[in-house]
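Read through the structure below, which is laid out as structure tokens, and then see the notes.
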Amino acid sequence: MKRRGAVVLALVLTITFVASVAAQQPATPVDDERVHAVATQLRCVVCQNLSVADSPSEMASQMRAIVRERLAAGDSPEQVIQYFVDRYGEWILLSPRRQGFTLLVWVFPFVAVLVGLVAVGLLVRHWTRRAALAPAARPVVDPAMSERIKREIETGG
């Protein structure tokens, strides 16, 4: 009887173990290119001017490991990025998203260049029209001076 109970217990434990292993999602292998692609979009919290992919810091190494783990768990690259945004804020992104207030970061430089070109064009147009419309003004010469010049020309010097 004891032997039968031990066999039943072993069978129950085996079934429980197999069921728990089968219930877990198998980790998908993640290649380095996918990890690098996601890590290049994230800012290193230590270096701040380097991406997580390019930073040699220990923190960046840990962040790359988290990226790899989350991708292996089945998260999409967007979900992994959102994971870091939820923890660090929009600052963690090397390129701000093109929505809301950060849209100004993408649009403002183009608008500024366009306004500058229009201003330069208007200035050049104003200067060229002003020069063309102004009559060729003759220099004002004193009548006495004019008479003296005439005499010197006639006498030859």
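The values are calculated or read from the model by the stated rules, or taken from the named source; none is laboratory data. Source: prediction; values computed, not measured. Glycine gets a Cβ as well: all are built from the backbone with ideal geometry, and neighbour counts include every protein chain shown.
In the stretch 34-45, of all residues being farther than 12 Å from Ile81 by Cα and either touching a strand residue (DSSP E or B) at 6+ places or on another chain (Cβ under 9 Å) or modelled with pLDDT of 90 or more (or both), the one that is surrounded by the most Cβ atoms within 10 Å (Cβ to Cβ) corresponds to Cys44. Checked against (1) of a type in the set (D, E, K, R); (2) more than 30 Å from Ser51 (Cβ to Cβ); (3) at pLDDT 90 or above, Arg130 passes all but a single condition, namely (3). Just give me the residues in the stretch 67-114 being touching a residue at least 12 places away in the same chain (Cβ under 8 Å), of a type in the set (D, E, K, R) and farther than 12 Å from Leu42 by Cα, in sequence order. Selection gives Arg68, Arg70. Note on the stretch 85-144: residues that are of a type in the set (Val, Ile, Thr) and touching a strand residue (DSSP E or B) at 6+ places or on another chain (Cβ under 8 Å) total 2.
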